[in-house]
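Everything on this sheet refers to the single structure shown next.
Every number here is computed from the coordinates shown, using simple stated rules; none is lab data. Everything numeric here is computed off the predicted structure, so don't read it as measured data. Cβ coordinates were reconstructed from backbone atoms using ideal geometry, including for glycine residues, and neighbour counts include every protein chain displayed.
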Amino acid sequence: MRPTAIVSAMAQEMAALLALCEDTRLQRVAGRDFHCATLHGQPVVLVLCGIGKVAAATTAVLLAERFGARRLIFTGVAGGLGAQVRVGDVVLAETLLQHDMDASPLFPRYEVPLTGRSHFDTDAALNTPLADAVQAVLARPDHHGPDAQALGVTAPVLHRGLVISGDLFVATAAQSLALQGALPEALAVEMEGAALAQVCHDLGLPCAVLRTISDRADDSAHVDFLRFIDVVAAQASAAIIGQWLAD
Ligand code: ADE
């Protein structure tokens with residue numbers, strides 16, 4: 001069977017997933033370590049993406065062309081934009097858009113030139129069981145643990161909808177307000193997902209993008225982000241992916 005690719009944004013996250021794997025073999029391509037392994041009896045290839053849209057696109061193409069991946073799951077963190085989206089919540093992207101794409105007036109704002117589209121969808125058939133896995137993990141009483149509670153994470157919930165990506169760490173309330181104003185339906189902002197979704201669309205591969213909210217993309221985003229990724233993010237993604245592949 002062709003492998004499922006699990007693309008992590010952070011080393012902490014991939015380490016937690018690797019710890020669950022068996023028969024791991026390492027292949028280094030284009031400066032990235034690809035870990036081909038078995039997870040809950042299924043072939044997987046795990047890789048650290050790098051940061052930004054180009055890194056995500058390169059990683060996605062390599063997974064498809066060199067490793068024969070049959071589907072791609074991206075896991076990582078994101079800044080919350082939607083009013084109800086809080087630190088510790090999980091966002092499953094149903095569709096993604098590049099918020100820094102603007103070839104106007106030649107093409108409508110956000111439209112990827114010559115594709116006729118601004119939004120790239122994830123795969124509904126992947127999202128349904130992933131959402132079930134998220135709900136199962138969030139319902140665990142020990143989810144996130146006491147360290148997360150110290151960061152103010154209580155009763156995290158799942159959101160599904162629009163995630164926006166750009167080559168920008170959103171770290172001021174002014175930037176966040178501008179994005180909220182321009183794209184009011186956006187739940188979260190990150191730096192890779194829309195690029196991965198565009199490549200998967202071109203290659204005809206199903207993909208999913210799963211993000212845990214690490215900050216509110218405001219003036220304290222960088223502080224919250226750094227505190228959160230060590231405490232929560234690694235465990236959250238590994239628990240969700242582990243649950244999903246085990247089901
Ligand atoms: N990933 C996590 N937090 C983010 C933010 N505030 N901006 C962009 N990407 C992020």
*Do any cysteines in the chain lack another Cys Cβ under 4.7 Å, and if so which?*
21, 36, 49
*Using modelled amide H (1.01 Å from N, peptide plane; none on Pro or chain starts), what sits under 5 Å from the amide H of residue 29, excluding residues fewer than 5 places away?*
34
*Each residue of region 19-26 in turn: what ³J(HN,Hα) in whole Hz from Karplus with 6.51, -1.76, 1.60 and θ = phi - 60°, glycine and Pro shown as x?*
5, 8, 8, 10, 6, 7, 10, 9
*Table column - 3J(HN,Hα) (Hz), region 77-88, Karplus curve with 6.51, -1.76, 1.60, x for Gly and Pro*: 10, 8, x, x, 10, x, 4, 8, 8, 10, 4, x
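Please arrange 97, 18 by counting, for each residue, the other beta carbons lying within 10 Å of its beta carbon, fewest first. Don't skip to the end; give the middle numbers.
On the way: 97 25, 18 17.
Ascending number of Cβ neighbours within 10 Å: 18, 97.
Could you calculate the contour length gain from residue 154 to residue 83, that is, 0.36 nm times the residue separation minus the distance between their Cα atoms, to one decimal place in nm? Write down the numbers at each step before the final one.
Values: separation 71, 0.36 × 71 = 25.56 nm, distance 1.63 nm.
Length gained, residue 154 through residue 83: 23.9 nm.
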_Karplus-derived 3J(HN,Hα), 6.51/-1.76/1.60, for each residue of region 41-51, Hz, glycine and proline x_ = x, 10, x, 9, 10, 10, 8, 8, 6, x, 10
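Express as a percent, rounded to the nearest 5, the fraction of DSSP beta bridges in the chain (both residues included) that run antiparallel. Please report the intermediate quantities before stating the final value.
Numbers: 21 of 51 bridges.
Within the chain, antiparallel bridges account for around 40 percent of the total.
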*Which far-off residues, 5 or more places away or on another chain, put their amide H under 5 Å from the one on residue 74, with H placed in the peptide plane?*
7, 208, 209, 210
*Please say if region 75-246 is rounded, prolate or oblate, where rounded means a/c under 1.5 for a ≥ b ≥ c the square roots of the C-alpha gyration tensor eigenvalues, and otherwise the choice is prolate for a/b larger than b/c and oblate otherwise?*
oblate
_For residue 158, distant residues with modelled amide H under 5 Å away_ = 90
*Any chance you could check the Cα centroid distance between region 87-119 and region 1-56 for me, in angstrom?*
26
*Classify region 4-159: rounded, prolate or oblate, from the alpha-carbon gyration tensor (a ≥ b ≥ c, eigenvalue square roots; a/c under 1.5 rounded; otherwise prolate if a/b is larger than b/c)?*
oblate
